[in-house]
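Below: the structure, in structure tokens.
The values are calculated or read from the model by the stated rules, or taken from the named source; none is laboratory data. Every value quoted in this text rests on a predicted model; they were computed, and no experiment measured them. Cβ placement follows ideal geometry from the backbone for every residue including glycine, while neighbour counts extend to all protein chains displayed. The accessibility values were calculated without ligands, DNA or RNA, using every heavy atom of the protein model including side chains. Shrake-Rupley method; radii C 1.70, N 1.55, O 1.52, S 1.80 Å.
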Amino acid sequence: MAAFQHPVVNLENKPAGTVDLLPEVFKLEDLNQHLIWEAVRHFLAKRRSGTAKTKDKWEVSGSGKKLWKQKGTGRARVGSIRSPLWKGGGTTHGPHPRSYDYAFPKKARRAALRNALSAKLASGQMLVVENWDVASHKTKSLVQTLGKLGVTGSALLVGTEASEKLTLAAGNNPKLQTVESLGVNVYELLKYDQVIFSKEAVLALQEVVKP
């Protein structure tokens, strides 16, 4: 399919040419919502710390001595004060450190990204700027720049490589997130109201995720 031209603006929101985008990446007609959901599920599972831990019977402090003789006392048979049946004893089948990550094919991840990018473009929530050469590392200055671009809500700012000034400026604002083009994921595309690519970044990402 032939590429289509998408407008590019500079940081003053003035026309700065166009960029050729592939319809098989940015203009899918039948979006696969389940695939998008699966990509988000995988991302969140992979991010889980998995550090929950309870103590087994052998890890609980306390004597291993049998508390009373087996028979003749009229009391229940007990072998250890660390028994899971007792308060302060071990926990049976409790959680242990583990990874929640699971296999999610690379082709499926890329297909999910194409679906999410198409959804963003179709809803008018995607913008391409000429570059991210911001003049200041101040958050206030970046917010003013985004205001000129018509961005008022949360935004994902995507470049080909980390810009120190941009990273510092966005770091103090919880509504803003910077990421390199190859680090874009479905979860963050959906989390933020708008995604703003630099021209180089959108072309780099397109080259990776195209079918």
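For 92, 73, 54, give me the order by solvent-accessible area with a 1.4 Å probe, most accessible first, ignoring ligands, DNA and RNA.
92, 73, 54
Using the Karplus equation 6.51 cos²θ - 1.76 cosθ + 1.60 (θ = phi - 60°), what ³J(HN,Hα) coupling, rounded to whole Hz, does each residue of the stretch 199-205 give in order, writing x for Gly and Pro?
Whole-Hz 3J(HN,Hα) from phi for the stretch 199-205: 4, 5, 5, 5, 6, 5, 5.
If Lys and Arg each add +1 and Asp and Glu each add -1, what is the summed charge of the other residues whose beta carbon sits under 14 Å from the beta carbon of residue 84?
Charge balance in the 14 Å sphere: +2.
Whose amide H sits under 5 Å from the amide H of residue 8, counting only residues 5 or more places off or on another chain, with H placed in the peptide plane?
16, 17, 18, 19
Suppose we keep just the DSSP beta bridges with both residues in the chain; what percent of those would be antiparallel, to 5?
Taking every DSSP beta bridge within the chain, about 25 percent pair in antiparallel fashion.
How much solvent-accessible surface does residue 180 expose, in Å² to the nearest 10, with a 1.4 Å probe and all protein chains in place?
90
What residue among 33, 125, 70 has the largest mean-square fluctuation in a Gaussian network model of the chain, using Cα springs under 10 Å?
70
Compute, for residue 69, the solvent-accessible surface of its heavy atoms (probe 1.4 Å) with the complete set of protein chains present, and express it in square angstrom to the nearest 10.
Probe radius 1.4 Å; accessible area of residue 69 about 130 Å².
Once the dipole of the stretch 88-200 is set up with Lys and Arg at +1 and Asp and Glu at -1 on Cβ about the Cα centre, which of 171, 122, 159 lies farthest towards its positive end?
Towards the positive end, the residue furthest out is 122.
Reachable aspartates and glutamates from residue 65, Cα under 13 Å, same-chain residues fewer than 8 places away excluded?
Qualifying aspartates and glutamates at Cα under 13 Å: none.
Suppose all protein chains stay in the model; what accessible area per residue would a 1.4 Å probe give for the stretch 1-144, in Å²?
With the other protein chains kept in place, the stretch 1-144 gives 68 Å² per residue.
Largest first, how would 123, 198, 61 line up by accessible area (1.4 Å probe)?
Listed by decreasing accessible area, they come as 61, 123, 198.
I'd like the carbon and sulfur percentage of the solvent accessible area for the stretch 122-173, probe radius 1.4 Å, heavy atoms only, ligands and nucleic acids excluded.
47
Taking 7 Å along the Cα-to-C-beta vector as the label spot, tell me the residue 103-residue 14 distance in nanometres, rounded to one decimal.
Distance between label points: 5.5 nm.
Ordering 208, 184 by how much accessible area each has at a 1.4 Å probe, largest first, what is the list?
208, 184
Shape verdict for the stretch 1-54, please, from the Cα gyration tensor: rounded (a/c under 1.5), prolate (a/b greater than b/c) or oblate.
oblate
Just to be sure I understand, if you calculate Rg and Dmax of the Cα atoms in Å for this structure, which of (i) 26.8, 93; (ii) 19.1, 76; (iii) 16.4, 57 do you get?
(i)
Among the aspartates and glutamates, select those whose C-alpha is under 15 Å from the C-alpha of residue 175, and discard any that sit fewer than 8 residues away in the same chain.
188, 193
Accessible surface of residue 30 in the full protein assembly, 1.4 angstrom probe, to the nearest 10 Å²?
Here the residue's solvent-accessible area equals roughly 140 Å².
Report the extension gain between residue 173 and residue 78 in nm, rounded to one decimal, defined as 0.36 nm multiplied by the number of residues separating them, less their alpha carbon distance.
Value of the extension gain: 28.4 nm.
Do the alpha carbons of any pairs in 46/140; 46/87; 140/191; 148/199; 27/165; 14/199 sit beyond 25 Å of each other, and which pairs?
Checking Cα-Cα distances, 46/140; 46/87; 27/165 exceed 25 Å.
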